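Working notes for the structure below.
The values are calculated or read from the model by the stated rules, or taken from the named source; none is laboratory data. Here the structure is a predicted model, which is why all the values come from computation and not from measurement. Every residue, glycine among them, receives a Cβ derived from its backbone with ideal geometry; neighbour counts consider all protein chains shown.
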Amino acid sequence: MSDKSIPVITLDGPAASGKGTIAERVAASLGFHYLDSGALYRIATLAALKAGVSLDDAESLTAVAEKLSPVFKDGRIFLEGEDVTLAIRSEEVSAATSRVAVIPGVRCALFELQKKAAQLPGLVADGRDMGTVVFPDARLKVFMTATARVRAERRYKQLIGRGETADLEALTADLEERDRRDSKRETAPLKPADDARILDTSDMGIEEVVKKVLTWWNDAQ
Ligand code: DC
């Protein structure tokens, strides 16, 4: 059961909407903990891939998720002693994760891990179903959107900035496909909670978005 006395801010939205960056900054500004729920789905997927589990085997994938005990330390993520911070962001893991995340047993197993992240003095949680399923009692729920094109452009700049190659059209198509899969799935689809505040960040910079969320948080007190 959720403990309403622990302040929780949920930040949901589609892939590459900048939720992670915003959630981290809001958490740092308030001195709150930060939960990157997508990382949990990615870690479960990596653990399954390492164990040679088929992505079609829902039962074994669920068993992997139930046994998961990742360690978060100094901004790094460890799985059975191994630093997997970068490995969980690979293209292979990203693609596999969107398949693993549709399995109800996996979602159920990760639900408990996510609930445990709600600790004093407070939590900022980012994901797809933080406001709808995991923290329905959150004091502030934000649903961040931006057009697929704007999100693709942001990702494009990031990749080019890192010296990698990127194709804007392919990135846009990929995000549209991921949005479709995330919103159409039966379990915990991507959608705003009824009481979420919608924030379209297409024409906003990071600082402006952080400021807006902090203003809403102050208003919610
Ligand atoms: O936010 P992200 O890109 O790291 O998420 C990785 C995958 O996990 C993506 O396919 C959506 C899924 N996910 C989810 O189903 N529910 C969440 N609360 C967070 C992520």
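The numbered conditions (1) more than 30 Å from Leu199 (Cβ to Cβ); (2) within 15 Å of the ligand (Cβ to nearest atom) are all true for Gly52 except (2).
For residues that are under 20 Å from the mean Cα position of the chain (by Cα) and within 16 Å of Pro7 (Cβ to Cβ), scanning just the range 198-216, find the one that is surrounded by the fewest Cβ atoms within 10 Å (Cβ to Cβ). Checked the range 198-216; the qualifying residue surrounded by the fewest Cβ atoms within 10 Å (Cβ to Cβ) is Leu214. Residues in the range 187-214 that are farther than 12 Å from Phe143 by Cβ and within 12 Å of the ligand (Cβ to nearest atom): Thr187, Ala188, Pro189. Take the range 121-157 and flag every residue that is within 16 Å of the ligand (Cβ to nearest atom) and among the basic types (Lys, Arg). Across the range 121-157, the qualifying residues are Arg128, Lys141, Arg151, Arg154, Arg155. Of the residues making up the range 161-169, not a single one is surrounded by 11 or more Cβ atoms within 10 Å (Cβ to Cβ) and closer than 27 Å to Thr132 by Cβ. Does the range 110-130 hold any residues that are in contact (Cβ under 8 Å) with a residue 40 or more places away in the chain, hydrophobic (A, V, I, L, M, F, W, C) and in a helix (DSSP H, G or I), and which are they? The answer is Leu110, Leu113, Met130. Only one residue in Asp74, Asp56 is on the phi > 0 side of the Ramachandran plot and not aromatic (Phe, Trp, Tyr). Which one? Result: Asp74 is the single residue among Asp74, Asp56 that is on the phi > 0 side of the Ramachandran plot and not aromatic (Phe, Trp, Tyr). Taken as a whole, the structure leaves Leu61 outside the set of residues that are out of contact with any Pro (no Cβ under 8 Å at 6 or more places or on another chain), aliphatic (A, V, I, L, M) and outside any helix (DSSP H, G or I). Taken as a whole, the condition of being of a type outside the set (Lys, Arg), away from the ligand (no atom under 15 Å from the Cβ) and closer than 22 Å to Asp203 by Cα does not apply to Thr165.
Taking the criterion of being acidic (Asp, Glu), over 20 Å from Val102 (Cα atoms) and in a helix (DSSP H, G or I), the residues of the range 131-187 that qualify are Glu153, Glu169.
Of all residues in the range 145-183, those being touching a helix residue (DSSP H, G or I) at 6+ places or on another chain (Cβ under 6 Å), free of Cβ contacts under 8 Å to residues at least 60 places away in the same chain and of a type in the set (Lys, Arg) number 1.
The condition (being modelled with pLDDT of 90 or more and of a type in the set (Asp, Glu)) is satisfied by just one residue among Glu164, Glu177, Glu186, Glu153: Glu153. As a summary of the residue check, Pro121 satisfies the conditions (1) at pLDDT 95 or above; (2) in contact with a Phe, Trp or Tyr (Cβ under 7 Å, 6 or more places away or on another chain); (3) surrounded by 14 or more Cβ atoms within 10 Å (Cβ to Cβ) except for the one numbered (3).
Every residue, every condition in (1) in contact (Cβ under 8 Å) with a residue 60 or more places away in the chain; (2) acidic (Asp, Glu); (3) farther than 30 Å from Gly205 by Cα, yes or no:
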{"site": "Val26", "(1), (2), (3)": "yes, no, no"}
{"site": "Leu40", "(1), (2), (3)": "yes, no, no"}
{"site": "Ala51", "(1), (2), (3)": "no, no, yes"}
{"site": "Glu59", "(1), (2), (3)": "no, yes, yes"}
{"site": "Leu86", "(1), (2), (3)": "no, no, no"}
{"site": "Ala96", "(1), (2), (3)": "no, no, yes"}
{"site": "Pro104", "(1), (2), (3)": "yes, no, yes"}
{"site": "Cys108", "(1), (2), (3)": "no, no, yes"}
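Residues of the range 70-118 that are of a type in the set (S, T, N, Q), under 16 Å from Leu55 (Cβ atoms) and within 10 Å of the ligand (Cβ to nearest atom): Ser94, Thr97, Ser98. When you scan the range 1-35, how many residues do you find that are surrounded by 24 or more Cβ atoms within 10 Å (Cβ to Cβ), of a type in the set (Gly, Ala, Ser) and part of a helix (DSSP H, G or I)? Final tally of qualifying residues: 1.
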